[in-house]
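The values are calculated or read from the model by the stated rules, or taken from the named source; none is laboratory data. As the structure is a computational prediction, the values presented were derived from the model and not from experiment. Here Cβ is always computed from backbone atoms with ideal geometry, including for glycine, and neighbour counts include all displayed protein chains. Quick note on the areas: whole protein, heavy atoms, side chains included, nothing else; ligands and nucleic acids left out. Shrake-Rupley method; radii C 1.70, N 1.55, O 1.52, S 1.80 Å.
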Amino acid sequence: MDTDLLVALGGVLVIVTAGFFGYSKWQETRSRRTLERTLHTPSHDPLLDTRHDETPETSGEGGEGDLVLDPVRHAPARREYAAAPSVSRAPHHHPDGLKEGVDLMVRLESLGGMDAAALREVVLREFRDSPRPVGWYVFDDASNDWQPLTAKTEGQYHLALASLQLADRSGAIGEKDYLRFTGGVERVADQLGAVPGAIESRVTVLERAAALDRFCAEVDVQIAVNVVPRNAPIPGTKIRAAAEAAGLTLGEDGLYRLLDDHGVPLYALADLDGRPFRQPDIKLHQANGVTLFLEVTKIPSPVVFDRMFTFAEKLASTLDGQLVDDAGNPITPEAGRLIRDRIAQIHQRMKAQEIPPGSAIARRVFAG
C-alpha cells in the first residue's frame, strides 16, 4: 500500500512518509527487499526463537540442545491457562506475549497430564515442516504462569497451548496455513490423549488475518534522514566519533544503533551507499553521506524521532553537511515537525488497534 504523504512547504512538495520519505516496508517486503540497511532487532534468540527452517536435527528423544519450539520472539513468554484441576486459582487466558486478534491460539488439556518430553517429541514431528512458526507453551501450576516449551522443559503439565501469528510482513495466513496448524494441533492432542479446546472457524480466522494484514500495511512506515557533505567525503573516524558521542554502538552488520535500556534498537545510522562500517578499516572509510532511519511501528514515542532528528542536525553541523531526502531536497525543521505529527498519528492508530507502538507485540508483528 502506498503510504507516501505529500506535504506543501513554502510552495515546494516534500515527501514525508516512509523511506524519508517513504515506502511501506510491509508491502515492499512482499515483492522484493531493496533496502538491506533496515533497522531491525536480531531475529534469532538462542533461548526464545527457533524457526521451523532453522530447527536442528534431533533424534526425537529430548536431546535437542537449546531448541525452542518457536515461542514469540522478543516477548517474554508468559503465563496463563487454567491451572490443574486441583488448583482453585482463576485461569489465565493466554501467555502475555500473545494477543487475540494477532494470534490464533488453541489450548490442549489433559487430566492425566502431558509429559514435556513426549509433547516436545510429538510437536517436533508434526510441525517440523510448518511453513510458518508455531509457538508452544505449557502452564506451570507452581508459578500459575505460562512457560515456553523448550528443550529444557521437564515434568507433567495439564495444560498446553499452541499459537500461530495471523499476519507478518510476508502477508496474512491462508487456508492452507490454517488447516496445517489446526490439523497439526489436533494430531498432537490425539497422540497425547489430550483434549483440544474450541477452534475458531476458518472463515472468522482468515477474515481477521486479512484485516490485520491491511492495517499493518497502512502503518508500516520507515523514516529516514540523509546527511550529505557539502564538499569532500566524510572520514569514517569523524562518523565514529559523532556516533559514539551520541550513544550509538556499532553492530556486526556494520550499522550504528541507539539502543534503549533493554537493548532494543530505536534508530540506526548507515553509510549512504550501503557500505558497512568496520572497526578495523574505519580510518580508511570515506562516506558520501550517512542515513539515519527508524521504523515508526517499533519506537514507543515520537520523542525517538525528535532525538534522531536533533542528532542529524548536529551531525550536519559537525560534518559541514546538510539534511536532504532521497531526492536531494533539503529537509527543513518545519518538515521535521510534520513528520513528527505523522508519527504521532500512526501511533494513535496502533494504540486504537491495541498494538502499542514499540511493544513486544509490535516488534513481533513487524519483525524482519
Legend entry - 5 angstrom amide H check on D96, placed H, neighbours 5+ away: R78, R79
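Based on the Cβ-Cβ distance from R125 to V203, what FRET efficiency comes out when R0 is 35 Å, to the nearest 0.05? Could the numbers behind the result be given before it?
Values: r = 29 Å, r/R0 = 0.84.
The calculated FRET efficiency here is 0.75.
Find how much the distance from K176 to R349 grows on full extension, using 0.36 nm per residue of separation minus their present alpha carbon separation; answer in nm with one decimal.
Details: separation 173, 0.36 × 173 = 62.28 nm, distance 3.03 nm.
Length gained between K176 and R349: 59.2 nm.
Cα-Cα over 25 Å: which of K283/K314; K99/K298; K152/K351?
Details: K283/K314 22 Å; K99/K298 17 Å; K152/K351 36 Å.
The answer is K152/K351.
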Inset, instruction - For region 222-368, divide the Cα radius of gyration by the Kirkwood radius and give the resulting Rg/Rh value with two decimals. - result: 0.98
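Can you tell me the convex hull volume per residue for region 120-222, based on C-alpha atoms, in Å³ to the nearest whole number?
Numbers: hull volume 14.2 nm³, N = 103.
In region 120-222, the Cα convex hull volume per residue is 138 Å³.
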Inset, instruction - Could you check the simple spin-label distance between A241 and D326, using points 7 Å along Cα→Cβ, in nm with one decimal? - result: 3.2
Inset, instruction - Measure off 7 Å from each Cα along the Cα-to-Cβ vector at R230 and Q191, then give the distance between these two points in nanometres to one decimal. - result: 6.9
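I need to check one value: relative contact order of region 250-368, counting alpha carbon pairs closer than 8 Å and at least 6 residues apart, in percent. Numbers along the way, then the final one.
On the way: 129 pairs, mean separation 25.4, N = 119.
In percent, rounded to a whole number, it is 21.
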Legend entry - Estimated vicinal HN-Hα couplings, Hz - region 121-133 in sequence order (Karplus 6.51, -1.76, 1.60; Gly, Pro = x): 5, 5, 4, 4, 5, 7, 10, 4, 9, 5, x, 10, x
Inset, instruction - Go through region 332-344 residue by residue and turn each phi into a ³J(HN,Hα) via Karplus (6.51, -1.76, 1.60, θ = phi - 60°); whole Hz please, and just put x for glycine and proline. - result: 8, x, 4, 4, x, 5, 5, 5, 4, 4, 5, 4, 4
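When a/c reaches 1.5 or more, the comparison of a/b and b/c decides; with that in mind, is region 141-278 rounded, prolate or oblate per its Cα gyration tensor? It would help to have the intermediate numbers written out before the result.
Details: a/c = 3.78, a/b = 2.06, b/c = 1.83.
Prolate, since a/c reaches 1.5 and a/b exceeds b/c.
Could you state the accessible area per residue of region 243-320 in Å², with a 1.4 Å probe and every protein chain left in place? Don't skip to the end; give the middle numbers.
Details: 3500 Å² over 78 residues.
Per-residue accessible area for region 243-320 comes out at 45 Å².
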